[in-house]
Each structure stands twice: as C-alpha cells, then as structure tokens.
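Asker: For reference, the structure I am asking about is given below.
The values are calculated or read from the model by the stated rules, or taken from the named source; none is laboratory data. Since we're looking at a predicted model, the values are computed, not measured. Note that each Cβ is placed from the backbone with ideal geometry, even for glycine, and that neighbours are counted across all protein chains shown. Side chains are part of the model used for accessible areas, which takes the heavy atoms of the whole protein and leaves out ligands, DNA and RNA. Shrake-Rupley method; radii C 1.70, N 1.55, O 1.52, S 1.80 Å.
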Amino acid sequence: MLNWLLEPLTYSFMRTGLAAATLVGITCAVLGAYVVLRRMAFIGDALSHTVLPGLVVAYLNGWSLFGGAIVAGLLTALGIGWVSRRGTVREDTAIGVLFTAMFAFGILLMSRVGSFRDLSHILFGNILGVRPADLWLIAVIAVSVLLTLFLLHKELELSSYDPIYAEVIGLKADRMRLVLLVLLAFTVVTCIQVVGVILTSALLVTPAAAAALLTNRLPRLMLLASVIAVGSALVGLYASYYVNVASGAAIVLCCTACFGCAWLARTLRSH
Amino acid sequence: MFRFLYSQRRHHAALVGAPALHIEDVTVSYPGTTQPALDAVSLCIPAGVRVALVGANGSGKSTLLKAVAGLIQPKTGRMSIYGLPIGACHHRVAYLPQRGEVDWRFPITVERLVLAGRYVHHGWLRRPGPSDRALVIAVLDQLGLADLVRRQIGALSGGQQQRALLARALVQEADLLLLDEPLSAVDAASRQIIATTLDQLRRQGKTALVATHHLDRLADEFDRVIELHDGTLCYSGGQNR
C-alpha cells in the first residue's frame, strides 16, 4: 500500500503536481467559503470562463499565460462592477452578458490557432504539466490570497452578513466585494492549470458548499472545505496516474462525491 | 500605535451644548421616483432622550434613520450629530437595521455578531482583544442572552435576534442609537428587556431614535414622539398627543 502511494512521487512532475494541487485546493476552498456564503457562485464560474481570451492572446503572442489570464480576469471583475454600478443593469445580467462575450471572443481567437488541441489543457487543465516555475507563481498567489483573506477576515465576514451595518461604520461593502473579485480573479488563474477553465468553479464552489452542510462556524467551514479540496485533488492526481483518466474531471467528481456524502449526512442528522 | 480607521476619519469630540441630532430642511429622493421619501424635514433632538418615530409603512421612518446613519445622501438640507457632520465620527452613531437586512444563515456565533460592534473602534488590521470580549459577554448577560453566546445566529428566535442586534449597538458605546423597528415580531419578554435597556441608556445621557409601529406604550417607553406622514413631519412633541 505504502509503495502504491509513494511510487508516483518518485517522479518530479508528480511531486510538483501534488504541491500545486494542495496550494490551489486550500486557496479555492477558503475563498470559496465567501463565494458560497455570499451567493457569488455564478460570478466565480463567469470569471473562470472570461480569462479564456486573455490566455489565448498570450499564447498567440508568446506572452506569459498567467499574465494574460490575470489581465482578462481583472478586466472582467472591474467591468461587471462598472456596468452594474448604478443598478441600471442588474449584476447577474451584467455577468451573463460579459461572461459569454468574453468566452465567445476566446473561442473566436482559438479558432484562428488552427488546432484546438494546442489549447485543450486550458479548457480541461493538466495538473501533471505544471512546471516548477508555474508552481512558484501558484505559491506566491496562494500565499498572497490567503494572507489577504486572513488580514481582512473580520471586514469580509461583516460585509457578507450585514453590509448595511458595515456601511454605517464606514466600511464600504462594495469595495470589499471588489477586493473579493480581484482575489477571485487571481485564484481562478491558478486553478485553471489544475482543472481547466470549464471546471474551475467546481473547486471554488463544491468543497465550500459541502463543508457548509456540515458546520455552522466559518473558520471550521474553511478548514473542512480545504480538507475536501486537497483530498479530492490527491484522489484525482492518483486516478490520473494509475487509471489514466483526466485529472481535472477526476478531482471535480471527487469533490461532488464529498458533497453528496455531506448532503446525506445533513439529511440523516436533520431527521 | 497607528489605527487605520475604515473611513480614515478620527474620533472627534462632540461640540459642547450641541443637540444629539439636528436636521434642517432635509429632502431625500430615491432614484426613479418623483415623490420624495422625505420632504423638507426639520427637527432637533436634544441629548439624553428616547424618541419614538411613528407613522404608517412608507411614511419615511426607515429613510430618515438611514439618512442619519449616512446610508442615504439627502438631495438638499443639512444634518449634524452632536454638532458634527454625518460620517465625521462613525463610532458615535449606532444603527440597528431591520432584522430582515441581516443574513441570519451566515455561520457565525452570537458572540461574533455582537463583537462586530467593536470594529469601528479598531479599524483595519487590528483585532478585538480580551477587553472587547469581556464587554460583549457583559452586554449579552444584561440582555438575557448569556446562555446563547456560542449559538449560531440563525438558531435564535426573532426576539433574541433583535436583542443580539441591540447588544451589538450597545458594545459600540455610541451616543446616538438609531433603531429600526426593534419591537417588530418580538415576544413580551424581549420587548420588556429592550424597553429597560432604552431607559438605562437615557439615564446614561444617551439618545435613542426608535422607529416603531407599537403605539400602545409610547408614554411609558419614550420621552418624545415624532410622526411622519408621506415623508413630511406631521407631529413632534411630548408622547401624550
């Protein structure tokens, strides 16, 4: 059994993948707690899709894929806030319009590449393809996001459950939301390497949603969601190695299985 | 030690002799409506009184409280709190929202919710310490919630939730309390506790402006009544109309 577990780790690409999966899993889970509790699942999904044109433009010009994705993600986050700022267009409508437009633009650019296969790892992720340089960038982003969440914990928490009181004491709730969107844009970019554009929102939403069914304390929810996300990432990684299946899909399905178990446990407990 | 307050504003001292609240010709309109929610309202509330703000639904009670709390910008007019402009000193004003404006499903305890009343004194980066927690426990005890400190906020009854919000306003140690419908859908015990607390605040020289639909005990629970009708002030004076 021990050999079975250790054998994949003799390869450096597996060790790098494992480290990336752990970092991304924890970041997504902790940030995902706010995404779920503030009902921002749709925007999380949208942001992950809207980085596509940034990735493709960067790929076509030989620029940093991370850089391209972050620029596109930040532009979308700010664009959604700008379009819906006066309430003329509802925020979910603004998200729906911008998200599909950006994704369509990305596909349009992809069709010019000639072969979709070149960019399939963007759509579906390739955790075993993470290079040491990527890992460093993922680590810097993960630590920065987690540190920001730690330092702003009380403000993010208050503006999540009582934005009006937050405003009264001088804490601008819309700026806190913008901070979350920017953190989300950075996190999504690291996540794409692991599960791809299409499945990124699953890592943000499913572990936190499962944990929310099991506890009613925020720090415990974040911890539990991290355990679920990292555990699922490990299972996905080993499944990819031993059974030769797509790692991203395996990770997401493992998260979904955890959610199913949590839902069952909650249902049984409430009876 | 530096403090990075949320609005970058320092704690100012109140102007000596200034009324708790002075409103002059204030008009508030919501976007997309022609009828103003508050129409040229003027009033002056001295420090240390309990004021009931009455009127039918839509008369402008919540709008007035929100304007004083700095949540809504008036179209015209001037307002001052203890002689200072709105927003000049956030710790001096505590606002208790209607219960429906809080997400009660959020996974935090009663203690954590009440502790948020201390945030205005700390600002960014600094966290509440043992003295803040001790104050929270003392206030929760005073409001009969000592046994519910560790409970998730959604597990409280309506009256208990209202008392928890009042506890948060109290730990803020504000001088002017703006309470939006604190008595709606609360049990008799909660109502009694809230009334006793308002009386204690008055004796401490604090001022409370309370929007309420409960007209049965105005004389016992308040020193003054202000009535709004369609956004205009139609009565302001003693509680025995």
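Asker: Are any residues in the stretch B:209-226 in contact with a helix residue (DSSP H, G or I) (Cβ under 6 Å, 6 or more places away or on another chain) and either charged (D, E, K, R) or open to solvent by 20 Å² or more (accessible area, probe 1.4 Å) (or both), and if so, which ones?
Answerer: Passing the criteria: only B:GLU221.
Asker: Quick one: count up the residues across the stretch A:36-85 that are over 13 Å from A:LEU180 (Cα atoms), part of a helix (DSSP H, G or I) and open to solvent by 70 Å² or more (accessible area, probe 1.4 Å).
Answerer: 7
Asker: Residues to consider are B:ARG99, B:ARG126, B:ARG92, B:ARG151; find the one that is of a type in the set (D, E, K, R), surrounded by fewer than 17 Cβ atoms within 10 Å (Cβ to Cβ) and out of contact with any Lys or Arg (no Cβ under 7 Å at 6 or more places or on another chain).
Answerer: Just a single option satisfies the conditions, and that option is B:ARG151.
Asker: What's the total number of residues in the stretch B:16-66 that are within 14 Å of chain A (Cβ to nearest Cβ) and small (Gly, Ala, Ser)?
Answerer: Total meeting the criteria: 2.
Asker: Quick one: how many residues across the stretch B:67-104 are charged (D, E, K, R) and within 8 Å of chain A (Cβ to nearest Cβ)?
Answerer: The total comes to 2.
Asker: In the list B:PRO128, B:PRO107, B:PRO182, which residue meets the criterion of being more than 9 Å from chain A (Cβ to nearest Cβ) and in a loop (DSSP other than H, G, I, E, B)?
Answerer: Every option except B:PRO182 fails the conditions.
Asker: Restricting to the stretch A:122-159, and then to whatever is among the small types (Gly, Ala, Ser) and without any contact (Cβ under 8 Å) to a residue 40 or more places away in the chain, can you tell me which residue is nearest to A:GLY248 (Cα to Cα)?
Answerer: Per the criteria, the residue is A:ALA133.
Asker: Restricting to the stretch A:150-177, and then to whatever is of a type in the set (A, V, I, L, M, F, W, C), open to solvent by 10 Å² or more (accessible area, probe 1.4 Å) and modelled with pLDDT of 85 or more, can you tell me which residue is nearest to the chain's Cα centre (by Cα)?
Answerer: A:PHE150
Asker: Consider A:THR88 against the criteria (1) of a type in the set (S, T, N, Q); (2) at pLDDT 80 or above; (3) open to solvent by 10 Å² or more (accessible area, probe 1.4 Å): it satisfies all of them except one. Which criterion is unmet?
Answerer: In the conditions (1) of a type in the set (S, T, N, Q); (2) at pLDDT 80 or above; (3) open to solvent by 10 Å² or more (accessible area, probe 1.4 Å), A:THR88 misses (2) alone.
Asker: Kindly list the number of the only condition in (1) assigned to a strand (DSSP E or B); (2) at pLDDT 85 or above that fails for B:ILE193.
Answerer: (1)
Asker: Please verify whether the stretch B:44-57 includes one or more residues that are part of a strand (DSSP E or B), touching a residue at least 60 places away in the same chain (Cβ under 8 Å), in contact with a helix residue (DSSP H, G or I) (Cβ under 8 Å, 6 or more places away or on another chain) and basic (Lys, Arg).
Answerer: yes
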